[in-house]
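J.: Below is one structure. I have some questions about it.
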Amino acid sequence: MNGKFLLRDAAGDLQIVRISDRSGIPLIGTVAFGVIDRGTSLIQVRPSSSCSMSCIFCSTDAGPRSRTRAAEYLVDLDYLLEWYDLVASIKVSGRLEAHVDTVGDPFTYPRIYELFRELKNKKETAVVSTQTHGILLGPGDVERLEESGVDRVNLSIDSLNPAKARLLAGTSSYDVSRVIEFAKVLANSEVDLLIAPVWVPGVNDKDIPKIIEFALDIGAGKRWPPLGIQKYEEHRHGRRPPGVRPMRWRDFYRALRRWEEKYGVKLVLEPGDFGIKKDREVPKTMEVGEKVLVRVVAPGWRRGEVLGVARDRVVTVVSALGIPIGAEVRVRILRNKDNVYLARPEP
Ligand code: SF4
């Protein structure tokens, strides 16, 4: 295992699942790994699920402090590219964006630079982009990023203040000064930089204008907008900082519009700002309410879940405590939005 994987050790029961063409696990059907198609010209590519940080607002409860994760996944590069090709072949817009964004940090993937290069070499791919908090990156990595062909890095910096940034990161080793230095060098490279802070109300309100000024000062966003401010949201399985209530969308957009005027920069973003268009989607193979026989192939990414396979899709089965790998289980499909399948065993 790559030395960059810093895995939770509390209970010692976190499993690493390697997924290759021999695993019999399709790469469409879960948000934890593989390929996600939401019916646009952007294809999400997820090679790994791990993270080295434990941000206090993390929507996916990632990192060493996770309380819900039971498994992390690592997908074989060639196998991932096969599934990217499959999804890309369905699209008609011709200029696709391959967006490498995981439920952790994409830079935990040992072959991340090769993945960027391979995606970029595909004739259908116009843009390769990724997103990260940058804990595994420093100024010395910019050259490798340039060589990899990645077009844009969405970099989350949630505070420029080292102590506040560490608090938000939930990680004592997180050094925002290094990430700031990385951002400065990246902004002057061939790779575009979009700074994407998460605004956690009551925690980093005063930091957001400073981050806007920083992004403008260093010249972020040459081809695309320089900033993509993200709104903190409560997620059922995500981490919630004590005492923090999410902002109302109305208030969030009002604040963005005020800063747009003050700084003369676009902050309310739309898919069109990134050239993303609607496109054909991969057909769904199971309907909500349908009863399906799944073959259990791996632990689920959260405790009490397993991964099953049916009709060329991976299915997350909830309420699955005690169901062994290899079992065949009759389940009912609870959701299938964007070809992401959730199911429950039938009594
Ligand atoms: S927010 Fe991102 S960097 Fe932070 S713990 Fe979650 S996945 Fe990791």
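The values are calculated or read from the model by the stated rules, or taken from the named source; none is laboratory data. What you see is a predicted model, and the numbers here were worked out from it, not measured in a lab. Ideal geometry is used to build each Cβ from the backbone, glycine not excepted, and the neighbour counts take in all protein chains shown. Areas reflect the complete protein model, heavy atoms only, side chains present, ligands, DNA and RNA absent. Shrake-Rupley method; radii C 1.70, N 1.55, O 1.52, S 1.80 Å.
J.: What is the angle, in °, between the Cα long axis of helix 77-90 and the longest principal axis of the Cα atoms in the chain? Nearest 10 is fine, range 0 to 90.
T.: The angle comes out at about 90 degrees.
J.: Moving on. In whole Hz and in residue order, list the ³J(HN,Hα) couplings for the range 161-177 that follow from phi through the Karplus curve 6.51 cos²θ - 1.76 cosθ + 1.60, θ = phi - 60°; x for Gly and Pro.
T.: Result, ordered by residue: 7, x, 5, 5, 5, 5, 4, 5, 6, x, 9, 5, 8, 6, 10, 5, 4 Hz.
J.: Counting other Cβ atoms within 10 Å of each Cβ, which GluC sites (Glu not before Pro) in the range 199-299 have at most 11 and sit in a DSSP loop? Could you put the intermediate results ahead of the total?
T.: Numbers: sites: Glu213, Glu233, Glu234, Glu260, Glu261, Glu281, Glu287, Glu290; in loops: Glu233, Glu234, Glu281, Glu287, Glu290.
For GluC sites (Glu not before Pro) across the range 199-299 that sit outside H, G, I, E and B with at most 11 neighbouring Cβ atoms in 10 Å, the list reads Glu287.
J.: Moving on. Just how far, in whole angstrom, is the range 208-246 from the range 262-296 if you go by their alpha carbon centroids?
T.: Cα centroid to Cα centroid, the span is 21 Å.
J.: Work out the FRET efficiency for Glu146 and Asp175 from their Cβ-Cβ distance, taking R0 = 35 Å, and round it to the nearest 0.05. Could you put the intermediate results ahead of the total?
T.: Working: r = 23 Å, r/R0 = 0.65.
The formula returns an efficiency of 0.95 here.
J.: By accessible area of protein heavy atoms, probe 1.4 Å, what ranking do Asp279, Asp175 get, highest first?
T.: Numbers: Asp279 20, Asp175 75 Å².
Sorted by accessible area, descending: Asp175, Asp279.
J.: Rounded to two decimal places and with Rh computed the Kirkwood way over Cα pairs, what is Rg over Rh for the range 67-212? Mind dumping the intermediate values first?
T.: Numbers: Rg = 16.5 Å, Rh = 16.6 Å.
Here the Rg-to-Rh quotient is 1.00.
J.: Does anyone have the angle between helix 112-121 and the longest principal axis of the chain? Alpha-carbon axes, 0 to 90°, nearest 10?
T.: Taking Cα atoms only, the helix is inclined about 90 degrees.
J.: Roughly what percent of Cα-Cα pairs across the range 291-345 reach past 19 Å?
T.: Percent of Cα pairs beyond 19 Å in the range 291-345: 12.
J.: Next question, about the same structure. Using alpha-carbon pairs under 8 Å, 6+ residues apart, how would you state the relative contact order of the range 89-212 in percent?
T.: 24 percent
J.: Let me have the 222 nm mean residue ellipticity of the chain computed from DSSP H runs of 4+ only, each contributing -39500 (n - 2.57), with the sum over all residues rounded to the nearest 500.
T.: Working: 7 runs with 78 residues, N = 347.
Per the formula, -7000 deg cm²/dmol.
J.: May I ask you to give the average projected area over all directions of the convex hull of the Cα atoms of the range 216-255, in nm² rounded to one decimal?
T.: Taking the Cα atoms of the range 216-255, their convex hull projects to 4.7 nm² on average.
J.: Using Cα pairs under 8 angstrom and six or more residues apart, how large is the relative contact order of the range 15-274, in percent?
T.: The normalised contact order for the range 15-274 reaches 17 percent.
J.: Roughly speaking, what is the centre-to-centre gap between the range 304-334 and the range 131-181 when only Cα atoms are used, to the nearest Å?
T.: 37 Å
J.: Something else: Among Leu194, Leu119, Leu167, which residue has its Cα positioned farthest towards the positive end of the charge dipole of the range 117-213, with +1 placed on the Cβ of Lys and Arg, -1 on the Cβ of Asp and Glu, and the dipole taken about the Cα centre?
T.: Checked the options; the winner is Leu167.
J.: While we're on this one: Take the chain, connect every pair of alpha-carbon atoms lying under 10 Å apart with a spring to form a Gaussian network, then pick out the residue of Thr68, Thr108, Thr316 with the largest mean-square fluctuation.
T.: Thr68
J.: What Cys residues in the chain are without a partner cysteine, judged by a Cβ distance under 4.7 Å?
T.: That list is Cys51.
J.: To test your reading of the geometry: what angle, between 0 and 90 degrees and rounded to tens, separates the Cα axis of helix 249-263 from the longest principal axis of the chain?
T.: Result, in degrees: 30.
J.: A further question follows. Under a plain spin-label model, where a point goes 7 Å from the Cα along Cα-to-Cβ, how far apart in nm are Arg236 and Ser20?
T.: Between Arg236 and Ser20, the label points sit 3.5 nm apart.
J.: Going down the table (Lys210/Lys277; Lys120/Lys210; Lys123/Lys184; Lys231/Lys262; Lys120/Lys231), which pairs top 22 Å between alpha carbons?
T.: Numbers: Lys210/Lys277 32 Å; Lys120/Lys210 34 Å; Lys123/Lys184 31 Å; Lys231/Lys262 20 Å; Lys120/Lys231 30 Å.
Violating the 22 Å Cα-Cα cut-off are Lys210/Lys277; Lys120/Lys210; Lys123/Lys184; Lys120/Lys231.
J.: Gaussian network model of the chain, Cα springs within a sub-10 Å range: biggest mean-square fluctuation belongs to which of His133, His99, His237?
T.: Comparing His133, His99, His237 in a Gaussian network model of the chain, the most mobile one is His237.
J.: Here is a further query. With +1 on each Lys and Arg Cβ and -1 on each Asp and Glu Cβ, how big is the dipole of the range 124-280 about its Cα centre, in debye rounded to the nearest 20? Mind dumping the intermediate values first?
T.: Details: 25 positive and 23 negative charges, 183 e Å.
With only Lys, Arg, Asp and Glu charged at Cβ, the dipole is about 880 debye.
J.: Within 11 Å, Cβ to Cβ, of Phe214, how many net charges do the neighbouring residues add up to if Lys/Arg are +1 and Asp/Glu are -1?
T.: Neighbour charge sum, excluding Phe214 itself: -1.
J.: Round to a whole number: what % of the accessible area of the chain belongs to carbon and sulfur, probe 1.4 Å?
T.: Carbon with sulfur: 49 percent of the solvent-accessible area.
J.: Can you give the convex hull volume per residue for the Cα atoms of the chain, as a whole number of Å³?
T.: 139 Å³
J.: Could you sort 267-276, 338-347, 37-46 so that the peptide with the highest average Cβ count within 10 Å comes first and the rest follow in order?
T.: On the way: 267-276: 14.3, 338-347: 18.0, 37-46: 21.0.
Result, highest mean first: 37-46, 338-347, 267-276.
J.: Also: Considering the chain as a Gaussian network with a 10 Å cut-off on Cα pairs, which listed residue, Tyr109, Tyr253, Tyr84, attains the greatest mean-square fluctuation?
T.: Result: Tyr253 has the largest fluctuation of those listed.
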